[in-house]
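Engineer: Here you go, one structure.
The values are calculated or read from the model by the stated rules, or taken from the named source; none is laboratory data. In this text, all values refer to a predicted model and were calculated from it rather than measured experimentally. Cβ atoms come from the backbone with ideal geometry, glycine included; neighbour counts cover every protein chain shown. Remember, those area values only see protein heavy atoms, side chains included, never the ligands or the DNA or RNA. Shrake-Rupley method; radii C 1.70, N 1.55, O 1.52, S 1.80 Å.
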Amino acid sequence: MQQVPQIPHIRDFRGQRVHMIGIGGSSMSGLAEMLQAQGYQLTGSDNTDSYATRKLQERGVFITIGHHAANVAGASLVVYTAAIAPDNAERVACEREGIPTLERAYLLGQLMEGYPCAIGVSGVHGKTTTSSMLAQILLEAGTDPAISIGGSLDAIGGGMRVGHGDVFLAEACEFNASFLRLRPTVAVLLNIDEDHLDFYRDIDHITDTFAEFLAMLPPDGTCVAWGDDERVLSLLPGLPCLWLTYGLGEHNRWQPLELTYDQTGHAAFTATLDGQPMARVELQVPGSFQTLNALAALATAHAVGVDMDIAARALGGFVGVHRRFELTGVVQGVRLYHDYGHNPTEMRYALSVANMQPHNRLWAVMQPHTYSRVKRLFESYIHCCDVADEILITDIYAAREKDPGDIHSTMLVERIAATGQRVHYTPTFDDTEAYLREHWQPGDLVLTMGCGNINLLNDQIAENEEG
């Protein structure tokens, strides 16, 4: 019988050299900061130079741009993300040299061990924003939490915070079922939808995996879940612990009553629990989905003992996370925004918010993310930008994948054009910028969308204007 290799534990390598493959990723860079603060010697590698890698380098972390076998020489432990394939040169070298390796999700789970309150925020959409709202609440409440989120929050100076209290808040990502490596005492389930279909068979497989995540909760744990999502609701009755729902439906325990929106989509509401007013909330982040995110954060904060007046005040001061409907600048009278949304549902949400902002024409600039996602969700892409006046589509961002040769952005352009929408293929950032500058007019609004490197287009446009 083949022996299953034992998974190393990070605590056994304190003071030794830990090398991180893909260290520039939003989660990995934050974990690197935490490990460095705890006394580990760090090195790392990434395919591209970025703000995250430069920030780590300024903190004394030696980082190599490019993946090479020599990078892992002398390392006591190597950490990698699920997006790093087994044939990566550094992973191959670890196998050859017998260097212990640890996948990122296991590392996060190990760092969470021992916390009396370990919160995992899960769901296909909205994890980063909801986690960030909750992070800001926990900070203002004085809980001194440890935090790991998949974005950059100004309140903690990035995506990671080394805390000294009893709370560890982590974004629980469903990609490759990595959240099954965590051991939360409190789980938040925002929604269940189709995504990551290069790993999951179908929506039922996704739902079953979320069920596995919730089933890990201890008997004295808590689940906070969106009760208007039928798939989410179906997972709750069999849980071994307390569960409570939030949402717009009257069956939910947490509801937003007296809900109103201003002309640019900012919500104000009274959060109620079992019909009793708990807090009055006025949000600075626009969009109807932000109401649900805020309600989830409030319900979770209440479950862990945070005063609701403090929680409401923190939410009122929350101005968002970088790369989530972020205004990056104004060029020639055109407002430039960026959003991390990378599947059709998220793009539709982002554009609904953009459409509520003052504008003449609304430009949607889409960078499709991964060939597998575009293939499996192809039909959903056709109408996700319906509210836009003009649509630009760049080449597909491959990320961890190789081009299969049977899917291309021009196929999306052709199908979208057939519906009568104004859509154009602009393969590169230079092509996209040139088209925008030739056709935009003062008062227009441009929203770039994707979780690849499309945010760099906004930077490029601003830099070219300054130059």
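Engineer: Using 7 Å Cα-to-Cβ label points, what is the Glu258/His68 separation (nm, one decimal)?
Structural biologist: Simple spin-label model gives 6.4 nm for this pair.
Engineer: Hey, another quick one. Full extension from Glu463 to Glu282: what is 0.36 nm times the residue separation minus their Cα-Cα distance, to one decimal in nm? Intermediate values should be presented prior to the final figure.
Structural biologist: Working: separation 181, 0.36 × 181 = 65.16 nm, distance 3.51 nm.
Fully extending the segment from Glu463 to Glu282 adds 61.7 nm.
Engineer: Suppose a student asked you for the relative contact order of segment 226-272, using Cα pairs under 8 Å spaced at least 6 residues apart; what percent would you report?
Structural biologist: Values: 59 pairs, mean separation 12.7, N = 47.
For segment 226-272, the relative contact order is 27 percent.
Engineer: Met356: accessible area at probe 1.4 Å, nearest 10 Å²?
Structural biologist: 70
Engineer: Scan segment 1-95 for trypsin sites (Lys or Arg not before Pro) in coil per DSSP, keeping those whose Cβ has at most 16 other Cβ atoms within 10 Å, and list them by number. Mind dumping the intermediate values first?
Structural biologist: Details: sites: Arg11, Arg14, Arg17, Arg54, Lys55, Arg59, Arg91; in loops: Arg14, Arg59.
Taking segment 1-95 and a limit of 16 other Cβ atoms within 10 Å, the loop trypsin sites (Lys or Arg not before Pro) found are Arg14, Arg59.
Engineer: Determine the gain in length on full extension of the stretch His439-Asp386; use 0.36 nm per residue of separation and subtract their C-alpha separation, reporting nm with one decimal. Intermediate results must be reported in sequence, preceding the final value.
Structural biologist: Numbers: separation 53, 0.36 × 53 = 19.08 nm, distance 1.93 nm.
Residue separation times 0.36 nm, minus the Cα-Cα distance, leaves 17.1 nm.
Engineer: Summing Lys, Arg as +1 and Asp, Glu as -1, what charge do residues with Cβ under 14 Å from the Cβ of Val413 carry, Val413 excluded?
Structural biologist: Values: positive: Arg415, Arg422; negative: Glu390, Asp395, Glu414, Asp431.
Net charge in that neighbourhood comes out at -2.
Engineer: Ignoring ligands, DNA and RNA, please state the percent of accessible area on the chain from carbon and sulfur, probe 1.4 Å.
Structural biologist: Details: 9500 of 19390 Å².
On the chain, the fraction of accessible area on carbon and sulfur atoms equals 49 percent.
Engineer: Given a cut-off of under 8 Å on Cα pairs at least six residues apart, what relative contact order in percent is computed for the chain? Each step should come with its number before you reach the end.
Structural biologist: Details: 965 pairs, mean separation 50.0, N = 467.
About 11 percent, as a whole number.
Engineer: Considering the options Gly60, Thr448, Trp363, tell which one lies farthest towards the positive end of the dipole of the chain, charges being +1 on Lys and Arg and -1 on Asp and Glu at the Cβ, about the Cα centre.
Structural biologist: Going by the charge dipole, the pick is Gly60.
Engineer: Also, quick follow-up: Once you place label points 7 Å from the Cα toward the Cβ at Asn47 and Asp431, how far apart are they in nm?
Structural biologist: 1.9
Engineer: A follow-up question, please. With every protein chain left in place, what is the accessible area per residue of segment 45-162 in square angstrom, probe 1.4 Å? If you can, show how the numbers build up before the last one.
Structural biologist: Values: 4470 Å² over 118 residues.
That works out to 38 Å² per residue.
Engineer: For Cys384, what accessible surface area do you get with a 1.4 Å probe? Give it in Å², rounded to 10.
Structural biologist: 0
Engineer: Okay, moving on. Where nothing but the Cβ of Lys and Arg (+1) and of Asp and Glu (-1) is charged, how large is the charge dipole of the chain around its Cα centre, in debye to the nearest 20?
Structural biologist: Computed about the Cα centre, the dipole is about 880 debye.
Engineer: Tell me, what is the 1.4 Å probe accessible area of Glu414, in Å² to the nearest 10?
Structural biologist: Accessible area of Glu414: about 140 Å².
Engineer: Could you calculate the FRET efficiency of His164 with Ala82 from 1/(1 + (r/R0)^6), where r is the beta carbon distance between them and R0 is 35 Å, rounded to 0.05? Show your work: numbers first, answer last.
Structural biologist: Numbers: r = 29 Å, r/R0 = 0.84.
Step by step, r from the Cβ atoms, then E = 0.75.
Engineer: Okay, moving on. Using the alpha-carbon centroid of each, what span in Å lies between segment 212-252 and segment 35-111?
Structural biologist: Centre-to-centre distance over Cα atoms comes out at 36 Å.
Engineer: Let me ask you something else. Roughly how many nanometres apart are two label points built 7 Å out from the Cα toward the Cβ at Asn360 and His424?
Structural biologist: 1.5
Engineer: Could you work out the helix-only [θ] at 222 nm for the chain, with each DSSP H run of four or more residues adding -39,500 (n - 2.57) and the total divided by the number of residues, to the nearest 500 deg cm²/dmol?
Structural biologist: On the way: 15 runs with 150 residues, N = 467.
Calculated at 222 nm, the ellipticity per residue is -9500 deg cm²/dmol.
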